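First up is the structure itself, then whatever we jot down about it.
The values are calculated or read from the model by the stated rules, or taken from the named source; none is laboratory data. Keep in mind that this is a model prediction, so the values were computed, not measured. As a convention, Cβ positions derive from the backbone with ideal geometry for all residues, glycine included, and neighbour counts pool all protein chains shown. With ligands, DNA and RNA removed, areas are computed over all heavy atoms of the protein, side chains included. Shrake-Rupley method; radii C 1.70, N 1.55, O 1.52, S 1.80 Å.
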Amino acid sequence: MIELHDVAYRYGGSALFAQVSLTLTPGSFHFLTGPSGAGKTTLLRLCYGDLQTSNGEVRLFDRPVQAMTRDEIAMMRRRVGVVHQDCAFIDHLSIAENIALPLTVAGRYDMLDNLTDLLGWVGLGRQANQLPSELSGGERQRAALARAVIMSPDVIIADEPTGNVDWEMSQRLLTLLIELNKMGKTIFIATHDLHLIRAAKSQVQARVLRLKSGQLVQAGADL
Amino acid sequence: MTFAAILDLIKGDTQAERAVPRRGFTARLTVFTAAAMAFLAVFALALSFAAGRLADQWASELAQTSTLRIPATVDDPLVPLETALRVLQETPGVASARALDPDEQQALLEPWFGPDLPLATLPIPQLIEIVETEGGYDAAGLRARLAGEVPGAVLDDHTRWRDPLIAAASRVRLLGWIAIGLIAATIVAIVTLAAQAALAANAQVISVLRLVGATDTYIARAFVRRFTLRGIAGAALGTITGLAATFLLPTSDVAGGFLGGLRFPGVTALWLVLIPVLSGVAAFVATRWAALRTLKENS
């Protein structure tokens, strides 16, 4: 589904990481950990074609990203739901409109009927008509997750999805991600929250990867 | 620009447009610029048409006519006049020749000497109006013959007056079209800057749209249609205001001709419809180019 072969990424002349290889198979659940600045966000962005590698190859749905046109990458991104840590929204649109944005961009107005169910699933039924600025951090995270999954993507990539929320909310978000994984979605989460990883591992078979000193390794038994 | 792109533009995409905030200084800037430029374009167009009409009028009025001036003599003035008329009648290429009567000569001199000029008592040269055939006559040959038969007669074929006047009017017309070209270029430049400013101001909107799989064309479309409509609306406003302003100019009777000629008689008024249309086209091309270029550069 997503494959990285000997990928390197250079930033400002020096290599952020090199010889990174990774395969995300359908239905798998991966965590990516590592210290701040190790390149977790960069690695995630490579995974959905937002950045190009300095070396190596990234394949999305069996096609090399380097060979794709800008429009093809955009179309491919509709199959990947992305949740950013900062949860950027379009400020003048309501939460419901923001969540429905992937559908309107893709012209899939037939799927808008699912919006109410989705809002209920993430517990934002009452906030549907509010603006993003009127939501709490946890509500924004859930809205970002709802937006990422509304197109029923094959893969969900989340960058620190619980970074700005309390423990209770992070558990709720994790539950939503586990539910999606049980529905067959591939999940790839970057986080430095070890409690979250342990909580997930008790419920699903998750593989934990660690990005450190420019190398990607499988995390040890300490997790 | 394909036919499908034009249809898309007319039809619009409400959802795509909703993603970009409606308000902002770029909206006002585009409308104001289009209106101001259209206002100026109306006058440039009027100037160009007036100069064109003037050039045509001078060309047609002075072309194929000439004047023969017979000096006043103390002897019988009818003798040289009759001789000159006979020579002209015999000259190939002269369609007709007619001596101006005293009233017509009086009218010609009136602007300089007033209406009470005692023409009969003054040694005023006699003028003969000559109308040429389409092929014209041999001016050099006629001058040579007149020199022999009507000494002192001066043949003026208007060339030395007509050519500089027509050239001047043609240059004014050309300047008008250059002004219109510069106005169109200014619209393109300002709308491009406004579109780039709008794209920069909406960086987060673009980032979100990209994240959810929007193509460059989709994102550009959200800006392009809005800027095009603003370009059309602003130019329509400027054109109407400019047209109204031409009616405030003095009439030709009062202004002596040229200012009163800054109007759009008959079908020339249809050119005004083109101003908002061309402004819209300029805004469309400029915004689309700026948007796609900026999106590509910022990727």
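Of the solvent-accessible surface of chain B, computed with a 1.4 Å probe and all protein chains present, 66% belongs to carbon and sulfur. Annotation for the B:A interface, with buried accessible surface near 1900 Å², both sides summed [1.4 Å probe; non-protein components not counted]. In the context of the full set of protein chains, the protein assembly as shown has a per residue accessible area of 49 Å² (1.4 Å probe).
Seen from a random direction on average, the alpha-carbon convex hull of chain B projects onto 22.1 square nanometres.
For the residues of A:86-95, the average number of beta carbons from a partner chain within 10 Å of their own beta carbon is 4. In the range B:72-152, Cα pairs under 8 Å separated by at least six residues give a relative contact order of 44 percent.
Comparing A:THR191, A:THR41, A:THR69 in a Gaussian network model of chain A (Cα springs below 10 Å), the most mobile by mean-square fluctuation is A:THR69.
Rounded to the nearest 20 debye, the dipole size of the range A:70-223 about its Cα centre is 540 debye, using +1 on the Cβ of Lys and Arg and -1 on the Cβ of Asp and Glu. Relative contact order of chain B, taken over Cα pairs closer than 8 Å and 6 or more residues apart, is 34 percent. As an equivalent ellipsoid, chain A spans semi-axes of 28, 21, 16 angstrom, where each value is the square root of five times an eigenvalue of the C-alpha gyration tensor, largest first. Here's the list of lysines a cross-link from A:LYS212 could span, going by alpha-carbon distance under 19 Å and ignoring same-chain residues fewer than 8 apart: A:LYS40. Note that the protein assembly as shown, at 4 °C in a medium of 1.567 mPa s, gets a Stokes-Einstein diffusion coefficient of 43 µm²/s from its Kirkwood radius over C-alpha pairs. Annotation: aspartates and glutamates with alpha-carbon distance below 17 angstrom to B:LYS296 (same-chain offsets under eight excluded): A:ASP50, A:ASP71, A:GLU72, B:ASP216. What lysines does A:LYS201 reach when the alpha-carbon gap must be under 19 Å and sequence neighbours fewer than 8 apart in one chain are set aside? Within reach: A:LYS182, A:LYS185.
Neighbouring Cβ atoms from other chains, within 10 Å of the Cβ of residues in A:72-84, number 3 on average.
Distance between the C-alpha centres of the range A:15-47 and the range B:123-199: 77 Å, rounded to the whole angstrom. Comparing B:ALA140, B:ALA185, B:ALA55 in a Gaussian network model of chain B (Cα springs below 10 Å), the most mobile by mean-square fluctuation is B:ALA140.
Each Lys and Arg adds +1 at its Cβ and each Asp and Glu adds -1 at its Cβ; summed about the Cα centre, the range B:81-192 shows a dipole of about 640 debye. Per residue, chain B reaches -23000 deg cm²/dmol at 222 nm when only DSSP H runs of four or more residues are counted, each adding -39500 (n - 2.57). Since only A:LEU4, B:ALA95, B:VAL212 are under comparison, the one whose Cα sits farthest along the positive direction of the charge dipole of the protein assembly as shown, derived from C-beta charges on Lys, Arg, Asp and Glu, is A:LEU4.
Per residue, the convex hull spanned by the alpha carbons of the range A:1-57 comes to 77 Å³. Simple point charges give the picture: +1 on the Cβ of Lys and Arg, -1 on the Cβ of Asp and Glu, and for the protein assembly as shown a dipole about the Cα centre of about 3320 debye. An ellipsoid equivalent to the range B:72-152, defined through the eigenvalues of its Cα gyration tensor, has semi-axes of 26, 16, 10 Å when rounded to whole angstrom and sorted largest first. Shielding value for B:211-223 is 6, the average number of Cβ atoms from other chains within 10 Å of each residue's Cβ. The helix-only estimate of mean residue ellipticity at 222 nm for chain A, built from DSSP H runs of length n ≥ 4 each weighted as -39500 (n - 2.57), is -9500 deg cm²/dmol after division by the residue total. Highest-first packing order for the peptide set B:25-31, B:100-106, A:157-163 is A:157-163, B:25-31, B:100-106, based on the mean count of other beta carbon atoms within 10 Å.
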